[in-house]
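**Student:** This is the structure I have questions about; it appears just below.
We did not get these values from a lab; they are worked out from the coordinates using the rules stated. Here the structure is a predicted model, which means the values were calculated and not measured. Cβ: placed from backbone, ideal geometry, glycine included. Neighbour counts: every protein chain shown.
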Amino acid sequence: MSIITIATDFGTADGFAAAMIGVIKSIVPQTEVVEVTHSLKGIVKTNLVIERYYSYYPRNTIHLVVVDPTVGSDRKALIGYTGDYFFVGPDNGIFGKAAARSRQCDWWAIDTSCLPSGPVSSTFHGRDIFAPAAALLATGKTPNELGVKLESVEIIDLPRPVVKPKMIEGEVIDIDNFGNLVTNIESGMFTTGMFVRFENGEKIPVVSTYSDVARGNPLGYTGSAGYLEIGVNMGRADLLFNADLGTKVMVML
């Protein structure tokens, strides 16, 4: 029996995620449901979060993700399959980073007539389309039985770093729960011993880990997802540097 992971932006106070789990359990009671988070914020953040966890699950895990600001519009409802993992969710770019890491990812538009009968809310496709589709995949249904194959899906291009003379210019694309600043500069573009800085700011050493600098001091390092991150030993970089998404960051070559 497949595992179904669930990640949403629903929060935990209003019962939305619980309704999705109820739908899944009604269709396939034995399946294991893993609630990853219900605090996602935005398409870019969702891309990065999915990329961090999806490939650590057993083969054929079904990753159900609902961050759906255009719910009720003509955007498609998707099933994706990499050959190792399934993705279920809206066609708005949230699966771009995960799909890019796979050798191939095929996509289907879910046909709601193939789902258990019932009204489809214009505002809660997580309950009425995505949860039943994920559950049917867990029973052994194939994507071809649940939808129509697509040639392409929505892909959101994350900002790319720019290589300049003696400098790589990137930007902050995520701020994690600890206040660490995740940039779009990938690990192969820099090494320890270099320096990173914000515009008109101090040089920050690029080191291996937090303990390489004194308590309260900033550092650059390779984060677990393979991007340059800026943190503070026993502190918060977002507060120290008053940084936000889109803040420019330079690596000095």
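**Student:** Run the reach check for Lys164 against lysines, Cα to Cα strictly under 20 Å, same-chain hits fewer than 8 apart removed. What comes back?
**Tutor:** Cα-Cα hits under 20 Å: Lys203, Lys248.
**Student:** Would you mind calculating the relative contact order of the chain from Cα pairs under 8 angstrom and at least 6 residues apart, reporting the percent as a whole number?
**Tutor:** Working: 511 pairs, mean separation 40.8, N = 253.
Once normalised by length, the contact order is 16 percent.
**Student:** Still on this structure, I have one more. Can you compute the charge dipole magnitude of the chain about its Cα centre, using +1 on each Lys and Arg Cβ and -1 on each Asp and Glu Cβ, nothing else charged? Give it in debye, rounded to the nearest 20. Could you put the intermediate results ahead of the total?
**Tutor:** On the way: 21 positive and 27 negative charges, 88 e Å.
Dipole about the Cα centre, nearest 20: 420 debye.
**Student:** Then there is this: Lys and Arg at +1, Asp and Glu at -1: add these up for the other residues within a Cβ distance under 14 Å of Asn144 and post the number. If you can, show how the numbers build up before the last one.
**Tutor:** On the way: positive: Lys141, Lys149; negative: Asp106, Asp111, Glu145.
Here the charged neighbours net out to -1.
**Student:** Treat every Asp and Glu Cβ in the stretch 3-150 as -1 and every Lys and Arg Cβ as +1, leave all other atoms uncharged, and give the resulting dipole magnitude about the Cα centre to the nearest 20 debye.
**Tutor:** Working: 13 positive and 13 negative charges, 70 e Å.
That gives the stretch 3-150 a dipole magnitude of about 340 debye.
**Student:** Related question: Using only the Cα atoms of the stretch 161-253, build the gyration tensor, take square roots of its eigenvalues as a ≥ b ≥ c, and label the shape rounded, prolate or oblate: rounded if a/c is under 1.5, else prolate if a/b is larger than b/c, else oblate. Mind showing how you got there, number by number?
**Tutor:** On the way: a/c = 1.43, a/b = 1.25, b/c = 1.14.
Judged from the Cα gyration tensor, the stretch 161-253 comes out rounded (a/c under 1.5).
**Student:** Additional query: Using the 10 angstrom Cβ neighbour count as an exposure proxy, how do Lys166, Lys76, Lys41, Lys97 rank, fewest first?
**Tutor:** Numbers: Lys166 9, Lys76 17, Lys41 12, Lys97 21.
With the sparsest Cβ surroundings first, the list reads Lys166, Lys41, Lys76, Lys97.
**Student:** Can you return the lysines within cross-link range of Lys141? Criterion is Cα-Cα under 23 Å, with same-chain partners fewer than 8 residues away left out.
**Tutor:** Lys25, Lys76, Lys149
**Student:** May I ask for the longest run of the chain untouched by GluC sites (Glu not before Pro) that are loop-located per DSSP and have at most 13 neighbouring C-beta atoms (other than their own) within 10 Å?
**Tutor:** Details: sites that count: Glu151, Glu199, Glu202.
My reading of the result: 1-150 is the longest stretch.
**Student:** If you work out volume of the Cα convex hull per residue in Å³ from the coordinates, which of (1) 142; (2) 168; (3) 127 do you get?
**Tutor:** (1)
**Student:** Now for a different question. Please arrange His63, His38 by counting, for each residue, the other beta carbons lying within 10 Å of its beta carbon, fewest first. Provide the component values of the computation, followed by the final result.
**Tutor:** Values: His63 25, His38 17.
Fewest to most other Cβ atoms nearby, the residues stand as His38, His63.
**Student:** Say we join alpha carbon atoms closer than 10 Å with springs in a Gaussian network model of the chain; which of Ala135, Ala214, Ala77 then has the biggest fluctuation?
**Tutor:** Ala214
**Student:** At q = 0.09 Å⁻¹, what is the log10 ratio I(q)/I(0) for the stretch 1-144, with the Debye formula run over Cα points and no solvent?
**Tutor:** One equal scatterer on each Cα of the stretch 1-144 leads to -0.22.
**Student:** Excluding Val49 itself, calculate the net charge of residues whose Cβ lies under 12 Å from the Cβ of Val49, where each Lys or Arg counts +1 and each Asp or Glu counts -1. Could the numbers behind the result be given before it?
**Tutor:** Values: positive: Lys41, Lys45, Arg52, Lys97; negative: Asp9, Glu51, Asp174, Asp176.
With Lys, Arg at +1 and Asp, Glu at -1, the neighbours total 0.
**Student:** Now for a different question. What is the local net charge at Val172, summed over the other residues whose Cβ is closer than 15 Å to its Cβ (Lys, Arg +1; Asp, Glu -1)? If you can, show how the numbers build up before the last one.
**Tutor:** On the way: positive: Lys41, Lys45, Arg160, Arg197, Arg236, Lys248; negative: Glu169, Glu171, Asp174, Asp176, Glu186, Glu199, Glu229, Asp238, Asp244.
That sum, taken over residues with Cβ under 15 Å, equals -3.
**Student:** Here is a further query. To the nearest Å, what is the center-to-center distance of the stretch 45-96 and the stretch 99-174, using C-alpha atoms only?
**Tutor:** Between the Cα centre of the stretch 45-96 and that of the stretch 99-174, the gap is 4 Å.
**Student:** Put +1 on the Cβ of each Lys and Arg and -1 on the Cβ of each Asp and Glu in the chain; which of Val196, Gly22, Val65 then has its Cα farthest toward the positive end of the dipole?
**Tutor:** My answer, from the dipole projection, is Val196.
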